[in-house]
Structures are given as C-alpha cells and as structure tokens.
Amino acid sequence: MPVFNGRTYTAAMFSGADGYQYAALWDQFFSDVLVEIGNSAPSLVMQAVNALVATVQAYAAQALAAQQAAVAVSGLSNLNSFQGLLQSGAPLAVFDYDTTRDWDEGAWRKRCTWQSWVSEAASTTRGSRSDHPAHIRMVAVSGFVALFDCDQATPSMWMVFNFGGAALGSYNMAQAPQAIFARDGKLWIAAGGYGVIEIDFVADTAILTNATVSVRYNGGIAARNAGAGFGGATGRAVLTNTVASAVAATVFPGSPIDRATGLPRPTVAVGTGFYLDIIHPSGAVTYPSTSAAVTSVAFDADGFLHACDGTTVRVYHPATLAVTGFSPIRSETASGTPALLGAPTGVNGHAARSAIGLTLRAPDPINPAAGMVAYITASGNPGAGGGAFNTGWMPGDCRLAIASTNTGSVSAANIANWSGGATTGWSTTDGNLTLSTSGSDLQIAETASTTSASKAIYQLSGCVVGLVYLLVINMRRGTVATIMRFDVTDNGQTVQLANGSTSSTSASTIVVQFRATDTSPKVRINFDSPYTAGQTGFVTSLSVDLAEPDRSAYAAGMRIFGQQTRALIAPGSDVTYTGYIYGGYDERPGDLSVGTGDVCFIQPVITFQTAPSSRSTLLDLSAPSGTGAYIRLEINSSGIPQFAVSDGTNSAVAVDTAPLRNSAVTHFMGLKRGATLELWRDGVRVATANAAAVGSLSNSAAVVRRAARANETGNLDGGHIGLVNLTRASDYAPTPEQIAKIVAHDLKRMRGASGILPGTLSAVQALSHDPDTDTVYASKGDGTALLQDGIVTGWLSALSGSTSNNHIAVSARQGGYVIATANQAVASQPAITFRDAILDNRDKVAPIDPNRIVFPAMATTDATPTVIARLPMAEGDEVQLMVDVEAVEYGAAPTERMGYQRRARVYRLPNGNVTVASVQTLGTDYESATTTCDVTVVADTTSQTVCVQATGVAAKRLAWSTLIHINRAGATRYAA
C-alpha cells in the first residue's frame, strides 16, 4: 500500500469497493503525488517518477477491471448516464433518497452489519447487493413500494415492500400508499386509510401509527413480506385521523440522539384527513388550531413546515409545533398578501401548485406581507387573463403585473359604455325583479320573496374570443340586506368568466377583467339571501373595454387607448415590449392604496437607435385633472430617468445622472421607502431624494397609466423607447436583497431566457426541488418543466420508457430525477463523474451540533410573552444553557434594538418533568428604546421542552434571533 504525502492508497479505493468518488479520488491522488515528488531530493526524483508510473498503471488497470465487471452486469459503462424505465404499472408516489444529505452524510450505512436485511438472499423482492445504497429511488404503486439502487449507472431493484395480507405495509389490510419519504435510515409510507408506517433500517424494525394504535412489526425487515403482523405497543401517541395522505420529516437542532442507532430522532409531519399531525422525537403527537384535510407537507431548509389543504398553504415556525393548538406564522391563499396563483393543490419550500399554474415563493419569515411571489403558466392557462405568462417576482402587495407574451398590433375597442339609469340593454331572468330609472341610477327591485336568486342581465356584444376585457361597474346595495353581487358569463350563462360584489350602501367602483369565450357575454347582477320582497340595489355605470390583462391577484387589466404594437424583445424570448402609436396608452382606475406608506414602480424599457426628442412617461399614478397627489417614473427629454412623487403641494424627485443607452434593455425601479425616494437602474441605486416633507400620496381621482400622464394623451417617445411588458406596481418597497432577485430574473428574461411553462396544459400536478442544482421540477399532464429562479432550463416529455406524458409525481436529487407518469415510473441520472462533481463542489451537509444551536428568527408583534426557541429534554438530561438573544425592529428605520444573555440550569429526572433550576442575567441587557422587553428561560412540561421566551413591544414587529450553547452533564444522561 503506497503512501503519498502522508496518505495511504489501496487498490480497493480505485475499484469503487470503498465507495470513493472517481473525480475526487484521482484529483487527490495526483495532488499528493506531485507534493511527494516535490519533496524528494533531485537524485530521487526520477526514481519516484518511475515508481509513480508503475503505481498509476496498476490502479488504472484496477479501475478498468471494475468498469468492465460493471459492463458485464449492466450492459453499460460504469460511468454512463441513464434515462429510462424504472418501474412498470401505475405509480402513486415517488421519492429520490440521497443518503449523503442525512445527518451523518450516510455514514450509518456502514454500521449496518447485523440487521436481518443485510444477509437476506436475493429474490424477486430483494436485490443481490447486501448493504444499503447511498442513493435510492423509490416508487409506490398500488400493491407495493419498490426501492432501486442508483449508485451505479443503471438502477436495479434493491428491495420491495409488498402491501396486502399481514405484510409490513398492510396490517391485515390492503391500502394503497399515498406518499413516501426517507431520511436518516428511515422510510415513511403514508398508507391512506391505514395510517403511516415508519421503517427503520438501522433498528431493523417497523412501526405502524394510526388513529387507534401505534404498534411494532413482529419481525425484522427481512420478514417484511412474511405476514408476521403488528403487535407490541410502542408507547407513542396515536394520530388524530387514520387517513394519512402526506408525510415529511426533518431533524431540528437539539433533537435527542437515539442511543440505539446513533442518529437524531426526527420530527415527522403527517397530513391526515382531519388535521396536520406532528410526531415528535418523544413520540408525542400535536396538531394545530385549524382542522383541515392536509394533502401536502414539506419542511424547508430552515425547518419551517409548509402544509396545504387545497385552499390554503399554512407555514409553521419550528418553535411553535410542540404544543397542540399551534398556529401558523402565515397563511397563503389566492387572495392573500402576497397571493398565490389560484387555489393551492400542493406545496414545497420553494413553490405552490394549482390548476392555473405555478407560484414561486420567496417568503419573508418575519413579515409575511413583505414576501415575494412569481406566477408562471402555460398557454392553456384558463385564469388570470388566460394564456402563458411569467410575471417575474412581485414584491409584497403587488397591485399590477403586466406580463404580455402577445405580439402584433392592437387598437382600442369599447364594447359597452352604459350610464344614466336607462333600462335599455337590461333584462331579468324572471318576474321577481323589476328594473326602473332612479335619478341617474338603474334601480333593481325584488318584487317577491323567493328561495333562489333572480338576476338582472346586461347583454354585451362584439367581443373577440380569446381577448381580455376590463369591466368597470359602479353600484351600491341600497336596501339589500346582505351583499349585491355581479358576474360575467358566456352567452349561455354556463361559464363564469369573472365576478365581484359589494356590501356598501355607498357607490362602489369595482374593476374586474375577463377573457371572452364567445362574442356575446352577459353581465349578471343579483342579491344574496335572504331574497325578500322590497329590497333595492342600484347600478350607476358600466363599461367594458379591450384591455391588457393584469396578471396580479387583483386581476384589474389596463384599458387600451389608441394603437399599440408588440414585438419580442429578443430572438427566442417570450418577453414582449409595447410601442405606442398616435398617442396611445394603457389605463385603469388608480387602486393603489399608498397613503403615507411605501410604493414601488417597476418598468423595464428597450431603447432604439434614435435619440430622445421628448419626455417619456413610463408609469404614472395621478388624476386626469392634473391636480392632487401623483407618483411618476419617467425619462426626461434629455434621456435621463427620474422618479417623482407629490402630495399635491410638496414634491420630491430622484434624478439619475446618466442618460439611457441607445439600442439596449434597461431595468428601472422607482420606490418610496419611508421618507426616501430611490431610483434603481439595472439593480444599482443611482439616485435618492428626501421626501420627508411629502404627505399622503392617495388621490381618489387618480388613474394608473402606462405611456402617459393622466392629464395628457400618450407621450411615450416611440422612436426612442418601448415599454417591456414586465410592469409591476406594489404598495411595498422591496429590500435591496429582494431588488437584486427581481432584477436578476428580469434581465435574464429580457436577454432571451425562457420563462413560461412549456406544453399547453397549465395545471401543475407535482413539485420537487433539487438542492444540488437548485432546480424546481413542475410536473403537468403533458410533461415536467425544470426551472431555476423562474427561468425554464428544461422540458421533460415523451420520456424513454414511458407511454404517457401525464406526469403525476416527481422527486429530484443530484441532477437526476424519478417521475411517476400515468403508466410507469421513469428515472434519469447523470454520469457518475458528474454526480461526483456535484458532491465534491456542493456545501457539505453540516451535522447538527448538539452543543451550539442557531434557531431561525421569530417575530413578535406585541408585548405578549412568546416562545422564540425551544429544546426537547429527555429523561435524565442535565444541561446548562448559555442563551444569546438579539432583537431588532422590522423595517428600514428601526428604533428598537435589544440584546440579552442568560445562563440557565435545566434538568429532567427519570419519570419527571422539565425543571428550570435557575436563570441568571449575564452582563447588562441592551435596550435602545423600550425598556419593558425581556428574555427568560422557562419549562414547558406539556411538551417536555425548555423554552426561550421573549417579551416584545406593543404594536411593533420585532425579529428575534437566538443562539444557545449547551453544556451537557453526559455522565448522568438517562435518555432512552
């Protein structure tokens, strides 16, 4: 065994027998050899070189022999990539298990020598390899769960768990698996109405937990298909509901170590038919305050738990999960802030899926309303104005998002413009409503009490199928007891295109967009129950115009005035720009609720070779009268960008110092953050201005316009500039970090990168995230799209080994994937050398330090004492904690800053509760403003945890960060 540079090399290392990675091994070997030669005396260099040649030849021969042996087994080179059939039949769930991401990077595999499955003979349910592979892809079908060894080029069956009878996966029942998950040597199967099964490869056992029992299998894993059944109670708590449809697991900092396996005990989230259940390392089960049938769960890299129930995505801080009745730190819906694209059907830490498309998520864990989302759809999308689009990142409460992919010319088209109260054009569905003129209003009166809603109808005509129109309706409920509603339907009144309502007795202007499905849609108005005779509601005006669709959750498109022409910004791009002809512009009601708060305008532009000849307004919020408050992003007549605001009396303007470059694309963002205006150009802050003297920017008469001020016709210098259709407006000022993310994505799109989902179907059916390549996989009924930061980098369709493009599940790691189609499961993995490079170059999975723990930040919004961090305490634990807590007020100009240090002595006796013996203050607390804040350490005997508890400030949002150093009295440790 030669030694180079102090390192010993063996032939087994080059045969692959010891699991060494090829690229890393040869690189290390030659580096050591060169060092060894460099340290040799000149007379010995040639002798060393000759010895090296012989050694390299021997190792190369060993590697070649190993490769040829693999060829004999698999028919492929041992280094080749693979793409093809993994499992026939109709798969229900898949999972890509990479043990190098386990707590100990998969070292537990080498300690498995006595377990029953290690010496199990090869069969139809057991492969020939004895040890647990480093990389396994799993497929669940109706009758079994199959595990495939993916360490080599061609995946091969390693182990099968049958369902049915009394086998490991059935407990005398036949239930189809719904979801699978694995980490740290454990495999969890959500088995529908059967509960959840935990298979522990290190302990060589399995546990079934449902709403009735938590019991252990009567045999080792080698007897998994022998029908031994479940028997011995585990002492764990049971679930709240037997139906288990989703499962995920993580290991939190401070999790107790299982002395039997040497691995930390995980925290498991189970989506059931009634609740989200949390199985803790102690075996206790907790659940949240809200009951719902949870169908999708995922932990993100920071330990936050994301759960979806079909209408809402709820996100939970890890410190809140230990006690039943816990609440989410944020709830995400299609109408929230930020809003999701459609009702969510599934979620992971990076995205949410729906029948409309994909929502990429970049949340703010301290202030939920300050997060960002991006909507991405395919051409068959039926919602948000229809068709394919990618909004780019929308910060906070985004009120406008123009993301057109259409090309060609378009001109203004007014479909309806009714006012004055005349009944012309109106009708009713039956005799229970009467229509009459009341001043300048149309009065709708209910003449008879009924059990169902009667409707007043306004007939439209002249719409073009597939185009988007903006309906602006002004109405009030009058004497209607509850709510006055309207909708837009197709002419047959079978498809609802848009809807809205008002509960106000004052006139309300409501703006909605709809995509025409025929040429003659109908606007229908009705009252909510009770349908009582004598109720009256009023309509003042109604207009319908051709519009540029708004892709934000507000769905209030911009009416087209004049003539526009649209073209692709770059060859192969799916981003267009709009040129305005003959004074054209876009307009919609000014529903940005700015007041004295923050605001952000985003408007990229494309410039041509012609120099500027006049001022160009990019985005404007002002009144048609030219009076009152305004917000404007413009290019002046010298080609200099500027961002200006005024309250009608006082104004401020941030002006760039350099003109636009000709023949270029440029990203502009103007924002007001507190009392400061900021102008950003291609992600660089180029100008600021003091806006402290500027008051409220609200203007009830204001409209939003692109390419014109509200008191002018279109004034965009069309010979010099076009507006890129990535326009956004938000009642929030993004942080510099968020701005960098917004601009990076937009510039890629503006330079030709694709951003819309390939294929035609828009509904996303499954999600996965590959942490090794930072790629989101979005599976649809016609294929799977691969995205990095909202840029489409790949499209998987017509895959080898599959007869279906209907992709219903996906899981990805190390640049490869396993996809469940309607008929088969297919897999792909790159060449081993590429996988080795990924493992070599990625950040190592940091083991959980049992003595130093950093907790994710926690928010407080009032002075209620709040747990911001917690540690589980096992029986017999004796610890001393050094707690370091820092807090800061959320926002651009914080006044509250705090710092605390505490020393706590904590113990838990056998069969006893957690006890905090003492808490001492170290040094002097720092509090910059409010002095009633505090941090202490308390015991929670319900969850048997020790908690760091913080008291914040009333009506202020504070972010608390916690670091704990732990000194354990290990000699007295009693933990089971």
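Please verify whether T578 is assigned to a strand (DSSP E or B) and surrounded by fewer than 20 Cβ atoms within 10 Å (Cβ to Cβ), treating the condition exactly as stated. Explain how you work it out, then say what you get.
Details: assigned to a strand (DSSP E or B): yes; surrounded by fewer than 20 Cβ atoms within 10 Å (Cβ to Cβ): no.
Taking the combined requirement at face value, the residue does not satisfy it.
Is it the case, given these coordinates, that D843 is surrounded by fewer than 18 Cβ atoms within 10 Å (Cβ to Cβ), part of a loop (DSSP other than H, G, I, E, B) and not assigned by TED's automatic domain parsing to the domain that holds S943? Please lay out each step first, then the result.
Working: surrounded by fewer than 18 Cβ atoms within 10 Å (Cβ to Cβ): yes; part of a loop (DSSP other than H, G, I, E, B): yes; not assigned by TED's automatic domain parsing to the domain that holds S943: yes.
Criteria met by D843.
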*asked:* Restricting to the stretch 110-158, name every residue that is under 22 Å from P177 (Cβ atoms), out of contact with any strand residue (DSSP E or B) (no Cβ under 9 Å at 6 or more places or on another chain) and surrounded by 15 or more Cβ atoms within 10 Å (Cβ to Cβ).
replied: none
*How many residues are β-branched (V, I, T) and in a loop (DSSP other than H, G, I, E, B) if we restrict to the stretch 90-129?*
4
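How many of the residues in the stretch 880-908 are aliphatic (A, V, I, L, M), modelled with pLDDT of 95 or more and either outside any strand (DSSP E or B) or crowded, with 20+ Cβ neighbours inside 10 Å (or both)?
7
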*Hey, could you check the stretch 470-492 for residues that are part of a strand (DSSP E or B) and touching a Lys or Arg at 6+ places or on another chain (Cβ under 8 Å) and say which is nearest to F527 (Cα to Cα)?*
M484
_Looking at the stretch 642-665 only, could you name the residues that are in a strand (DSSP E or B) and either modelled with pLDDT of 95 or more or more than 21 Å from M750 (Cα to Cα) (or both)?_
Q642, F643, A644, V645, S646, S651, A652, V653, A654, V655
*asked:* Checking I808 against (1) crowded, with 24+ Cβ neighbours inside 10 Å; (2) closer than 18 Å to R353 by Cβ: exactly one of these is not met. Which one?
replied: (1)
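Residues that are under 26 Å from S762 (Cα atoms), at least 1 per element: which strands (runs of 3 or more DSSP E) completely within the stretch 271-387 meet that? Even if it seems obvious, please write down each step before you answer.
Working: elements: 276-279, 296-299, 305-308, 313-316, 330-332, 344-347, 351-354, 358-362, 372-376.
Strands (runs of 3 or more DSSP E) meeting the threshold: 296-299, 305-308, 313-316, 330-332, 344-347, 351-354, 358-362, 372-376.
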*Can you confirm whether the stretch 731-742 contains a residue that is crowded, with 24+ Cβ neighbours inside 10 Å, under 22 Å from G396 (Cα atoms) and of a type in the set (K, R)?*
no
*asked:* Pairs needed: first member in the stretch 781-803, in contact (Cβ under 8 Å) with a residue 12 or more places away in the chain and surrounded by 16 or more Cβ atoms within 10 Å (Cβ to Cβ); second member anywhere, assigned to a strand (DSSP E or B) and of a type in the set (G, A, S); C-beta distance under 7 Å; at least 6 residues apart or different chains.
replied: T784/A778; A785/A778; L787/A778; G790/A374; V792/A785; L796/G783; G801/G84
*Quick one: what pairs do we get from the stretch 292-304, first residue closer than 26 Å to D774 by Cβ, second among the aromatic types (F, W, Y) and at pLDDT below 95, C-beta under 6 Å, 6+ apart or different chains?*
G303/F252
*List every residue pair whose Cβ atoms sit under 9 Å apart, with the two residues 6 or more apart in sequence or on different chains, where the first one lies in the stretch 324-345 and is crowded, with 18+ Cβ neighbours inside 10 Å and the second, anywhere, is outside any loop (DSSP other than H, G, I, E, B) and of a type in the set (D, E).*
P338/E332; A339/E332; L340/E332; P344/E332
*Of A857, A812, A785, which residue is closer than 30 Å to T932 by Cα and modelled with pLDDT of 90 or more?*
A857
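Mind checking which residues of the stretch 658-668 are in contact (Cβ under 8 Å) with a residue 60 or more places away in the chain and either more than 20 Å from P734 (Cα to Cα) or touching a helix residue (DSSP H, G or I) at 6+ places or on another chain (Cβ under 6 Å) (or both)?
Residues of the stretch 658-668 in contact (Cβ under 8 Å) with a residue 60 or more places away in the chain: 660, 665-668.
Answer for the stretch 658-668, where residues must be in contact (Cβ under 8 Å) with a residue 60 or more places away in the chain and either more than 20 Å from P734 (Cα to Cα) or touching a helix residue (DSSP H, G or I) at 6+ places or on another chain (Cβ under 6 Å) (or both): L660, V665, H667.
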*Find all pairs meeting these conditions: Cβ atoms under 7 angstrom apart; at least six residues apart or on different chains; first residue within the stretch 236-256 and within 16 Å of V845 (Cα to Cα) and in a strand (DSSP E or B); second residue among the aromatic types (F, W, Y) and at pLDDT below 95.*
none
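Results for (1) touching a residue at least 60 places away in the same chain (Cβ under 8 Å); (2) surrounded by fewer than 19 Cβ atoms within 10 Å (Cβ to Cβ), shown as yes or no for each residue.
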| position | (1), (2) |
| --- | --- |
| D656 | no, no |
| G670 | yes, no |
| R673 | yes, no |
| A692 | no, yes |
| S698 | yes, yes |
| V724 | yes, no |
*Number of the exception - V270 against (1) closer than 16 Å to L321 by Cβ; (2) out of contact with any Gly (no Cβ under 9 Å at 6 or more places or on another chain); (3) of a type outside the set (D, E)*: (2)
*Please identify the pairs in which a residue from the stretch 417-446 that is more than 20 Å from Q493 (Cα to Cα) and without any contact (Cβ under 8 Å) to a residue 40 or more places away in the chain has its Cβ atom under 8 Å from the Cβ atom of a residue that is among the hydrophobic types (A, V, I, L, M, F, W, C) and part of a loop (DSSP other than H, G, I, E, B), counting only partners at least 6 apart or on another chain.*
T437/A422
_All but one of (1) surrounded by 13 or more Cβ atoms within 10 Å (Cβ to Cβ); (2) in a loop (DSSP other than H, G, I, E, B); (3) under 41 Å from the mean Cα position of the chain (by Cα) hold for A448; state the number of the condition that does not hold._
(3)
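Restricting to the stretch 76-132, what's the tally of residues that are closer than 23 Å to V826 by Cα, of a type in the set (K, R) and modelled with pLDDT of 95 or more? Spell out how you get there, then give the answer.
Initial filter on the stretch 76-132 (closer than 23 Å to V826 by Cα): 76-101, 123-129, 132.
Still in the list and also of a type in the set (K, R): 101, 126, 129.
Within this subset, residues satisfying the condition of being modelled with pLDDT of 95 or more are 126, 129.
Of the residues in that region, 2 qualify.
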*Looking only at the stretch 723-733, decide whether some residue is at pLDDT below 95, in the same structural domain as P659 (by TED's automatic domain parsing) and under 13 Å from Y585 (Cβ atoms).*
yes
*Residues that are over 18 Å from the mean Cα position of the chain (by Cα) and either charged (D, E, K, R) or surrounded by fewer than 24 Cβ atoms within 10 Å (Cβ to Cβ) (or both), drawn from the stretch 357-384*: S379, G380, P382, G383
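The values are calculated or read from the model by the stated rules, or taken from the named source; none is laboratory data. In this text, all values refer to a predicted model and were calculated from it rather than measured experimentally. Glycine also receives a Cβ, built like all others from the backbone with ideal geometry; neighbour counts cover every protein chain displayed.
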